[in-house]
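The values are calculated or read from the model by the stated rules, or taken from the named source; none is laboratory data. Keep in mind that what you see is a predicted model, and the values were worked out from it rather than measured. So basically every Cβ, Gly included, is an ideal-geometry build from the backbone, and we count neighbours across all protein chains shown. Ligands, DNA and RNA are excluded from the accessible area calculation, which covers all protein heavy atoms including side chains. Shrake-Rupley method; radii C 1.70, N 1.55, O 1.52, S 1.80 Å.
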Amino acid sequence: MRAVAGLAAAVVLVGGAGCGSSAGGPPAAPTAAAPAAAPSAEPPAARSTAAARGVPFGSHRVAYAKGTLRPTGDRRTLDERVRAFYEEWKAAFVTAKCGSLQVISPDADHPYVGEAQGYGLVIAATMGDRPLFDGLLRYVEAHPSVNDPDLLAAEQDRTCTSVNGSDSATDGDLDVAYGLLMADRQWGGDYRAKAVKRIAAIKASEVNPDTRLMKLGDWATSDDPLSKVSRTSDWMLDHFRAFEKVDPEWRAIREAHQKAIAAFPGLLPDFVKDGRAVKGEVLESEHDGDYSWNALRDPWRIGADAVTSGDPASTEAARRLSRWVSGRTGGDPEKIAAGYRLDGTPIEEGPEPAFVAPFAVAALTDPSAQPWLDALWRSMTAAKPGREDYFAATVRLQSMITVTGNHWVP
């Protein structure tokens, strides 16, 4: 979910404060709150097994599709830049409150949103950070949707209390389930069983049975006018591909989304209904039918599937997006606008980091795009994350992970 109004006035919270603690006051130190205690020690045999099955960050154990680009430079140096940005991201956005850890979202409608916790779980699993993963998972499990306890309530206030209906948002749920599958690959344990339950709940409550496209959340029931509206940034093809290993019916769901993507010859809109961009404000703003604050993630999501699967449909879609924006900007990332109408007309002048970074993932798929990819890499790594801009920083981090060859599908 991407909120566009009512920005929360938030600061980083530290310590193990209870749910009623104040959100005011500066952090005690310029680093992120101390993570929850690490899990109890495993016997040497168990640690050896986990090491063999896991994917340590920077190991590049899971190869990308043949021909995938990467930024020019030493691979170790690229990985270290991601690690450094990850530590900066944690310092800015990981908080400790209510007996768990959370990713705070100061630029959203509420301090804690499901999207952020899902992002955090996937990032933590990718980086091999089990204390962070388990701390975030405690928070997720403490905030079930009112409609389905195997889904996540999408919004909480400063006291960690679920608000605004206490129901789910699909993007957060998809990442939570995906993160759990990654955790199973990294560490074993009961993560897979938890993932299986959430994947079943997503299919039952957040997939439209007629279109097979993702719904907006478990609240979008058949009698709701928004039940047939789908958010394109929820079309996470690599997630669906991972879910196929749990439930083969997810293949048809994935293929339905790839067909929907192919129906758009260029940019995708934030929201679609009946296979077309919505008109006017449907859920968030007058730009719901444009390439705006939701759809900006599409080049990253589509590109991530292309480079990890080699699927021709995903590769073509990602390459098309990359070539369009490179041509539109003359190869200058600073000229990427902060949103476009589907005819290519800019909505606002850029650059805006959240709109720049995802195009670097799409550029990985184009053999002719090395100079463009290098320019995007320089742009997306030029500055530290702003402490009030969780969304852009988190999209940048995940794009950097993928661009450096560190994204993988469990």
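Things to note:
- Matching residues, the range 89-138, being within 15 Å of K194 (Cβ to Cβ), touching a Phe, Trp or Tyr at 6+ places or on another chain (Cβ under 9 Å) and not aliphatic (A, V, I, L, M): Q117, G118, R130, F133
- Hits in the range 199-220 (condition: open to solvent by less than 60 Å² (accessible area, probe 1.4 Å) and under 17 Å from S166 (Cα atoms)): A201, I202, S205, E206, K215, L216, G217, D218, A220
- Just one of the listed residues (A84, A38, A50) is part of a helix (DSSP H, G or I) and modelled with pLDDT under 95, and it is A50.
- Unique match (being under 26 Å from A306 (Cα atoms) and hydrophobic (A, V, I, L, M, F, W, C)) among A108, A84, A124: A124
- Residues of the range 331-356 that turn out to be of a type outside the set (D, E) and either in contact (Cβ under 8 Å) with a residue 60 or more places away in the chain or open to solvent by 70 Å² or more (accessible area, probe 1.4 Å) (or both), as a count: 7
- The sole residue among G67, G73 that is surrounded by fewer than 24 Cβ atoms within 10 Å (Cβ to Cβ) and either touching a Pro at 6+ places or on another chain (Cβ under 7 Å) or among the polar types (S, T, N, Q) (or both) is G67.
- Within the range 110-163, the set of residues being farther than 19 Å from F57 by Cα, assigned to a helix (DSSP H, G or I) and polar (S, T, N, Q) comprises just one member, Q117.
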